[in-house]
Amino acid sequence: MQSNLPPLINSYAPQYTLNSGELLKEPSFRNSWYAVTLSGEVPSEGTPYATRLWGEPMVLFRDKNGEVQCLRDVCPHRAAPLSMGTVSEGSLKCMYHGWSFGKDGQCDDVPTMPGQTLDSGFLKSSCATNYAVVEHEDLIWVWGGNVLEADVTKLPTQRKGEETLYVDTMLDYNVDWSYIVENNLDSPHIYWLHDGSIPPLDSLGFNRDNVDRFTLRRFKDEIGVGHVGKTADKSTTKIVRFDAPNIVRHCGVSGFSEEFHIVPIAPHRTRVLLRQHFPKGPILNGVSKDPFLMFAFRKLMLWWNWNSKSTSLLTRAHGHAHAHASTCACPHTHAHTCALTRALTHSRMHIQLRLKTTA
């Protein structure tokens, strides 16, 4: 009977990925899945979604079956950025000569060469470079390494049997991704900078009066490394864990948890996909059924995240302390040899609220 049961996972957090534990033993920035955007951001028609990962330009769209495709944002014909094209009937059409690409980057049409079939040698040799991509738990994941080595069993997973109401927030920062990882692993700053300004933190005694009255205990489970923080005279603890290579998780005994997917877009360009899990009790169950309350809850979380997350990132550059929070839109790429040429000039924050139920 025991042989039929899945192996037990030693995890301090309700979310886990077996890949993280492997990366702690054999570090690699390539052999890992990266959440690059929210599911709702990738279109089936119109303008495709452009982004970068480690500086590599990528473009995402949905094919005729609704599955997400991820290609290098460079047309194999004349190196035009595919993100400047359009998505129609499941294919991404280049704006330069109209070449179109479908599933796995297969070139399916060249307007100047009518009569070509998908089996023709020319179309087969004209594929765009594709990346392994998966839509999982309402996030879009891209494999950083060889497309043939992508392993879906290594995707981060929510622990079964829990019902949560979760909020997704997208934040852009004009700093290197490592600063944000360090910031979210830095528990002591919560006492001084936030000073109990956020009710859940205040309930844990995270304020300046207790800045010298807390303890941190290091731990290592099968997934990652982190610490358990506790304020003197408080029974509740806060758990912070780093899941290699780019996820930081915050959780505790209250059932509320946060996961920070810290995406390295390019040098000094970082996107954070923040997912906050709320325990689905009687109150939130009622809120989820009322459109007005749901709207108010979204607005509240928008305000909370913008003020608590974007203003708390303190970094040091050129000998001066700066508070960095990007006021930028999604970075679009124009060619593989040029920098981000669409100026990041408009502030944008995405927030989505969904009911997540796992049986």
Once label points are set 7 Å from the Cα along Cα→Cβ at both Lys160 and Ser197, what is their separation, rounded to one decimal in nm?
4.3
Those residues of region 16-49 whose amide nitrogen sits under 13 Å from the label point placed on Asn146, 7 Å along Cα→Cβ:
31
Unit-weight point scatterers at every alpha-carbon of region 104-226, Debye formula, q = 0.10 1/Å: log10 I(q)/I(0) is -0.63
Any chance you could run the full-extension gain for Phe219 through Arg298? It's 0.36 nm times the residue separation minus the Cα-Cα distance, nm to one decimal.
25.0 nm
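Which of the chymotrypsin sites (Phe, Trp or Tyr not before Pro) found in region 218-263 are in a DSSP loop and have at most 15 neighbouring Cβ atoms, other than their own, within 10 Å?
Phe256
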Sort region 212-290 into rounded, prolate or oblate with this rule: let a ≥ b ≥ c be the square roots of the eigenvalues of the Cα gyration tensor; rounded if a/c is under 1.5, and if a/c is not under 1.5, prolate when a/b is larger than b/c, oblate otherwise.
oblate
Just in region 67-122: which trypsin sites (Lys or Arg not before Pro) are loop by DSSP and have at most 11 other Cβ atoms within 10 Å?
Arg78
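Could you pull out the GluC sites (Glu not before Pro) across region 72-154 that fall in loop regions by DSSP (anything but H, G, I, E, B) with no more than 15 other Cβ atoms inside 10 Å? Show your work: numbers first, answer last.
Values: sites: Glu89, Glu135, Glu137, Glu149; in loops: Glu89, Glu137.
Sparse-neighbourhood loop GluC sites (Glu not before Pro): Glu89.
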Calculated FRET efficiency for the pair Asn285/Arg30, C-beta based, R₀ 35 Å, to 0.05:
0.25
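Give the calculated FRET efficiency between Met113 and Asp138 to the nearest 0.05, with a Förster radius of 35 Å applied to their Cβ-Cβ distance.
Working: r = 40 Å, r/R0 = 1.13.
After rounding, the FRET efficiency stands at 0.30.
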Simple label model, 7 Å out from Cα along Cβ direction - Asp212 to Asp104, nm
6.5
Using only the alpha carbons of region 160-310, determine the length spanned along each of the three principal axes and report them from longest to shortest in whole angstroms.
44, 41, 32
When the Karplus curve 6.51 cos²θ - 1.76 cosθ + 1.60 is applied with θ = phi - 60°, which whole-Hz ³J(HN,Hα) does each residue of region 223-239 get, with x for Gly and Pro?
9, x, 10, x, 8, 10, x, 8, 8, 4, 6, 10, 8, 7, 10, 10, 9
Per residue solvent-accessible surface (Å²) - region 73-203, probe of 1.4 Å:
46
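Pairwise over distinct Cα atoms, reciprocal of the mean inverse distance: report the Kirkwood radius of region 65-125 in Å, one decimal place. Write down the numbers at each step before the final one.
On the way: mean 1/r = 0.0853 Å⁻¹.
That comes to 11.7 Å for region 65-125.
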In whole angstrom, note down how far apart the Cα centers of region 105-171 and region 251-300 are.
25
Reported to two decimal places, what Rg/Rh ratio describes region 178-246 when computed on Cα atoms with Rh from the Kirkwood expression?
0.98
When every alpha-carbon pair in region 46-89 is counted, what percent end up more than 13 Å apart?
53
The ³J(HN,Hα) series, computed from each phi in region 96-105 with the Karplus coefficients 6.51, -1.76 and 1.60 at θ = phi - 60°, rounded to the nearest Hz and given as x for glycine or proline, is 7, 10, x, 4, 10, 9, x, 4, 6, x
Over region 11-53, what per residue volume does the convex hull of the Cα atoms give, in whole Å³?
102
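Looking at the calculated P(r) for region 96-163, what percent of the C-alpha pair distances fall above 13 Å? Write down the numbers at each step before the final one.
On the way: 1629 of 2278 pairs.
Considering region 96-163, 72 percent of its Cα-Cα pairs are separated by more than 13 Å.
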Whole-percent carbon and sulfur share, accessible surface of region 7-89, 1.4 Å:
49
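Show me the three semi-axes of the equivalent ellipsoid for region 15-168, from the C-alpha gyration tensor (sqrt of 5 times each eigenvalue), largest first, rounded to whole Å. List each step's numbers first, then the result.
Numbers: eigenvalues 195, 60, 34 Å².
One finds semi-axes of 31, 17, 13 Å for region 15-168.
The values are calculated or read from the model by the stated rules, or taken from the named source; none is laboratory data. Quick caveat: nothing in here was measured; it's all calculated off a predicted structure. Quick reminder, even Gly has a Cβ in these numbers, built from the backbone with ideal geometry, and neighbours come from all protein chains shown. Heavy atoms of the whole protein, side chains included, go into the accessibility calculation; ligands, DNA and RNA do not. Shrake-Rupley method; radii C 1.70, N 1.55, O 1.52, S 1.80 Å.
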